[in-house]
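Engineer: One structure, pasted below without further comment.
The values are calculated or read from the model by the stated rules, or taken from the named source; none is laboratory data. No experiment lies behind these values; they were computed from the predicted model shown. So basically every Cβ, Gly included, is an ideal-geometry build from the backbone, and we count neighbours across all protein chains shown. Keep in mind that these areas ignore ligands, DNA and RNA; they rest on the heavy atoms of the full protein, side chains included. Shrake-Rupley method; radii C 1.70, N 1.55, O 1.52, S 1.80 Å.
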Amino acid sequence: MWTRKRLLLLFFWIGCIIGLFYGFVGIDYLDNYIPSAFKVFKKPYIRYPFTFIGPKNSSLLDLLKVIDWPEPPSAVNYSSSTSPEHCDYYLLNPRDTYKVGDFLEVLITARDHNGQPKNYGGDFFQAKVHSINVKAGVTGRVKDYGNGIYSATFLLPWPGEAQVHIRLIHSSEAVDVLKKKRENDPGKIYFYGYFHYNGSSAVMECNVQVPGNDSCTYLDPVSGDKWQCVRPQKMPCNSLIYHSAGGYQKVTNDLEDSLLSDSVTDKTIYGSVPPIIVKKDRGFSDQISKLPTCRPGQELLQPSGFYYEDTWTSLVCRGRHFPKPSDALGCLKGKDIHMFGDSTLRQWFEYLERFIPSLKKIDLHVNYQSGPLIAVDANAGLVMRWRAHGLPLRTTKTMMSDLHYEAADLVGIGGGSDTVIVLTLWAHFASFPVMVYLERLERVREAVSALLFRSPETTVIIKSANTGYKSIYGSDWLSLQLDILLRAMFKGMGVIILDAWDMTSCHYLRDSIHPGPPVIKNEVDLMLSYICPY
């Protein structure tokens with residue numbers, strides 16, 4: 001029998017376990033695996049207007065056009081929102097036989113919870129063709145006709161069985177909630193600043209912008225990036241020593257919660273398309289063998305590649321594979337690698353450190369979550385670094401001096417033919433107004449442009465967003481919006497965009513903000529293909 005004392009003791013130990021887990025694996029992992037019921041909202045939420053000073057040039061405003069998304073025509077209720085249970089799809093123009101290289105098209109009909117067809121668009125579907133037996137998958141291109149009808153078009157790139165799989169990630173009504181909360185509630189994720197001065201200490205709320213006029217503003221002297229904290233009493237602003245994640249504020253009402261609930265989010269919809277049997281075709285393999293070598297500035301296709309037998313084949317360039325540690329080390333010999341980004345890029349650092357036995361990590365006695373991390377192979381002349389991008393950053397308690405803005409660090413890198421820059425910038429920005437992200441990207445773009453001007457032979461690789469988030473604080477829809485902007489911002493530059501979105505959205509593993517080992521291996525192999533092309 002559970003007495004009150006035993007229940008309290010049970011909750012105490014659960015709290016201890018969660019606390020240890022929080023400190024060991026970090027904020028990103030906690031977001032991914034701990035249910036929202038455990039996310040504590042520690043202070044009353046106060047909505048405050050976000051002050052937008054304006055972009056340095058009007059082209060940033062023009063970029064907003066590339067993420068236009070249809071909105072529901074009027075106020076909605078739960079029953080009129082899109083129901084994954086009532087949506088369906090069927091095959092358009094079915095054939096008796098299909099061969100490798102052919103395209104398949106299905107038509108999706110969105111319906112509400114009453115089973116009635118929707119007459120407007122804006123639903124967020126993800127589509128793929130896959131085969132669990134041969135560990136194969138390829139993303140589909142979804143088109144919104146604006147009337148509740150959608151099409152999904154798929155390339156058939158492997159022989160054998162292929163099964164259509166379509167998910168409703170968010171209804172159009174849920175997307176509208178995500179968009180409004182992104183723009184109107186920038187403080188829904190907040191941070192802590194730790195001040196120490198003359199034996200006194202204080203913990204204050206910090207963010208890209210904090211409410212009220214009594215605040216400390218920190219401006220990076222090189223990049224111009226800005227951060228704010230509520231001013232502590234009787235302490236100077238320069239007594240800020242540490243940074244950490246703070247917490248989450250509840251910003252949704254009951255209707256919004258229902259539109260974003262697990263029962264209607266990321267749900268498979270069912271149609272009348274049986275498994276397709278695809279016949280071999282030598283011509284498609286010949287086309288792949290004639291692809292150009294991997295190089296900067298190549299336009300990404302949709303799809304940009306596919307999995308077959310758990311191996312990624314690029315449709316953009318002739319990708320290589322590095323099955324042995326000696327293969328990877330031979331590619332990276334003499335390279336000076338700088339990685340700036342979040343924990344999804346840290347996974348690449350971790351993979352290479354484990355995969356190449358001679359690559360040894362040096363303990364710099366810093367917070368592992370935010371770095372900096374460094375691994376070297378002195379005999380091979382290889383140096384590999386990773387550090388978290390600058391604020392905002394959800395991490396455990398970290399010294400402010402260890403947190404660098406990526407644009408500021410890029411200014412201090414000379415570059416050259418043996419220098420590799422790898423960047424990713426998206427996950428920690430998904431909850432903020434989109435202009436915050438655009439201005440940050442602009443500063444990074446300027447730094448990359450200057451680096452390539454002084455050292456055009458420098459290799460610059462930008463990892464795209466990947467799938468995995470499914471909440472008001474971070475969603476695949478929010479990530480996709482940022483990913484579209486990132487690609488548009490760097491279009492036409494001599495950089496490499498590595499399409500992690502495709503590589504995570506069609507894999508057989510369950511969506512995770514931190515993809516599993518097979519995905520990471522293929523991502524790193526593709527990175528190495530650009531560093532060491534055929």
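Engineer: Leaving out ligands and nucleic acids, note down the accessible area per residue over the range 347-458 with a 1.4 angstrom probe, in whole Å².
Structural biologist: 35 Å²
Engineer: Right, here's the next one. For the range 56-122, what does the accessible surface come to per residue with a 1.4 Å probe? Please give it in Å².
Structural biologist: Result: 57 Å² per residue.
Engineer: Further question on the same structure: Could you pull out every residue, at least 5 positions away or on a different chain, whose amide H is within less than 5 Å of the one on residue 246? Hs are placed 1.01 Å off N in the peptide plane, and Pro or chain starts have none.
Structural biologist: 190, 191, 192
Engineer: Next question, about the same structure. Run the accessible area of the range 73-222 with a 1.4 Å probe and give the carbon-and-sulfur part as a rounded percent.
Structural biologist: Of the solvent-accessible surface of the range 73-222, carbon and sulfur hold 48 percent.
Engineer: Assign unit charges at the C-beta atoms only (+1 for Lys and Arg, -1 for Asp and Glu), then state the dipole size of the chain relative to its Cα centre in Debye, rounded to the nearest 20.
Structural biologist: 860 debye
Engineer: Moving on to the next point. Rg and Dmax of the range 74-130, Cα atoms, in Å?
Structural biologist: So, for the range 74-130, Rg and Dmax equal 14.7, 46 Å respectively.
Engineer: Treat each spin label as a single point 7 Å out from the Cα along the C-beta direction, and report the residue 220 to residue 326 distance in nm.
Structural biologist: Between residue 220 and residue 326, the label points sit 4.2 nm apart.
Engineer: Summing -39500 (n - 2.57) over the DSSP H runs of n ≥ 4 in the chain and dividing by its residue number, what mean residue ellipticity at 222 nm do you reach, to the nearest 500 deg cm²/dmol?
Structural biologist: -8000 deg cm²/dmol
Engineer: Moving to a separate point now. What number, in nm² with one decimal, is the all-direction average of the projected area of the convex hull of the alpha-carbon atoms of the range 269-324?
Structural biologist: 6.4 nm²
Engineer: Looking at the square roots a ≥ b ≥ c of the eigenvalues of the Cα gyration tensor of the range 270-369, which shape do they give, rounded for a/c under 1.5, prolate if a/b is larger than b/c, or oblate?
Structural biologist: Prolate, since a/c reaches 1.5 and a/b exceeds b/c.
Engineer: Which far-off residues, 5 or more places away or on another chain, put their amide H under 5 Å from the one on residue 121, with H placed in the peptide plane?
Structural biologist: Under 5 Å from the amide H of residue 121 lie the amide H atoms of 146, 147, 148, each far enough along the sequence or on another chain.
Engineer: Still on this model: Of the listed pairs 279/324; 335/397; 335/521; 280/463; 280/324; 118/143, which have alpha-carbon separations greater than 27 Å here?
Structural biologist: Checking Cα-Cα distances, 279/324; 335/397; 280/463; 280/324 exceed 27 Å.
Engineer: Output needed: percent of Cα pairs per 5 Å distance bin for the range 368-418, bins running from 0 to the one holding the longest distance.
Structural biologist: 5, 16, 24, 22, 16, 11, 5, 1
Engineer: Which of 515, 202, 177 sits closest to the plus end of the dipole of the chain, meaning its Cα is farthest towards the positive end, when Lys and Arg get +1 and Asp and Glu get -1 on the C-beta?
Structural biologist: 202
Engineer: Now a separate question. Work from the charge dipole of the chain (Cβ charges, +1 for Lys and Arg, -1 for Asp and Glu, about the Cα centre) and give the residue of 215, 157, 284 farthest towards its positive end.
Structural biologist: Result: 215, furthest along the dipole toward the positive end.
Engineer: To the nearest 20 debye, what charge dipole does the range 364-461 have about its Cα centre, counting +1 at the Cβ of each Lys and Arg and -1 at the Cβ of each Asp and Glu?
Structural biologist: It comes to approximately 280 debye.
Engineer: Rolling a 1.4 Å sphere over the protein heavy atoms, what is the accessible area per residue of the range 159-238, to the nearest Å²?
Structural biologist: Value for the range 159-238: 42 Å² per residue.
Engineer: Okay, moving on. Can you tell me which of 437-445, 424-432 comes out highest on packing, and rank the rest after it, using the mean Cβ neighbours within 10 Å?
Structural biologist: Listed from highest to lowest mean packing, they are 424-432, 437-445.
Engineer: Ignoring ligands, DNA and RNA, please state the percent of accessible area on the range 298-346 from carbon and sulfur, probe 1.4 Å.
Structural biologist: Percent of accessible area from carbon and sulfur atoms in the range 298-346: 50.
Engineer: List, in order, the whole-Hz ³J(HN,Hα) value for each residue of the range 207-217 obtained from phi through the Karplus relation with A = 6.51, B = -1.76, C = 1.60 and θ = phi - 60°; use x for Gly and Pro.
Structural biologist: 5, 4, 8, 10, x, x, 9, 8, 9, 9, 10
Engineer: To the nearest 10 square angstrom, how much accessible area does residue 267 have with a 1.4 angstrom probe?
Structural biologist: Ignoring ligands and nucleic acids, residue 267 comes out at about 80 Å².
Engineer: Separate question: Which value, in Å² and to the nearest 10, is the accessible area of residue 103 when all protein chains are kept and the probe is 1.4 Å?
Structural biologist: 110 Å²
Engineer: With a bin width of 20 angstrom, please list the P(r) values of the chain as percents of all Cα-Cα pairs, from the 0 bin to the one holding the largest distance.
Structural biologist: With 20 Å bins starting at 0, P(r) equals 20, 53, 25, 1, 0.
Engineer: For the full complex of protein chains and a 1.4 angstrom probe, list 523, 446, 309 by accessible area with the highest value first.
Structural biologist: 309, 446, 523
Engineer: Could you sort the peptides 106-113, 71-78 by per-residue average Cβ neighbour count (10 Å cutoff), highest mean leading?
Structural biologist: Order by mean packing, descending: 106-113, 71-78.
Engineer: Right, another one. In whole Hz and in residue order, list the ³J(HN,Hα) couplings for the range 156-162 that follow from phi through the Karplus curve 6.51 cos²θ - 1.76 cosθ + 1.60, θ = phi - 60°; x for Gly and Pro.
Structural biologist: 9, x, 9, x, x, 7, 9
Engineer: Contact order normalised by length for the range 193-274, with contacts defined as Cα pairs under 8 Å and 6 or more residues apart; what percent is it?
Structural biologist: The value is 29 percent.
Engineer: Still on this model: List the relative contact order of the range 369-426 as a percent without decimals, with contacts defined as Cα pairs under 8 Å and 6+ residues apart.
Structural biologist: Relative contact order comes out at 28 percent.
Engineer: Quick one: what does P(r) look like for the range 224-296 with 10 Å bins over all Cα pairs, in whole %?
Structural biologist: P(r) over the range 224-296, rounded to whole percents: 10, 16, 13, 18, 20, 15, 7, 1.
Engineer: Still on this structure, I have one more. What is the distance in Å between the Cα centres of the range 172-247 and the range 380-411?
Structural biologist: Going from one Cα centre to the other spans 18 Å.
Engineer: Still on this structure, please answer the following. Explain nothing, just the number: dipole magnitude of the range 392-440 about its Cα centre with +1 on each Lys and Arg Cβ and -1 on each Asp and Glu Cβ, in debye rounded to the nearest 20.
Structural biologist: 260 debye
Engineer: If you find the alpha carbon centre of the range 99-115 and of the range 281-322, how far apart are they in angstrom?
Structural biologist: The distance from the Cα centre of the range 99-115 to that of the range 281-322 comes to 26 Å.
Engineer: Provide 290, 250, 333, 179 ordered by accessible surface of protein heavy atoms (probe 1.4 Å), highest first.
Structural biologist: In descending accessible area the options line up as 290, 333, 250, 179.
Engineer: Additional query: List the relative contact order of the chain as a percent without decimals, with contacts defined as Cα pairs under 8 Å and 6+ residues apart.
Structural biologist: 17 percent
Engineer: Still on this structure, please answer the following. Subtracting the Cα-Cα distance from 0.36 nm times the residue separation, let me have the gained length for residue 132 to residue 457 in nm, one decimal.
Structural biologist: Gain in length upon complete extension: 112.9 nm.
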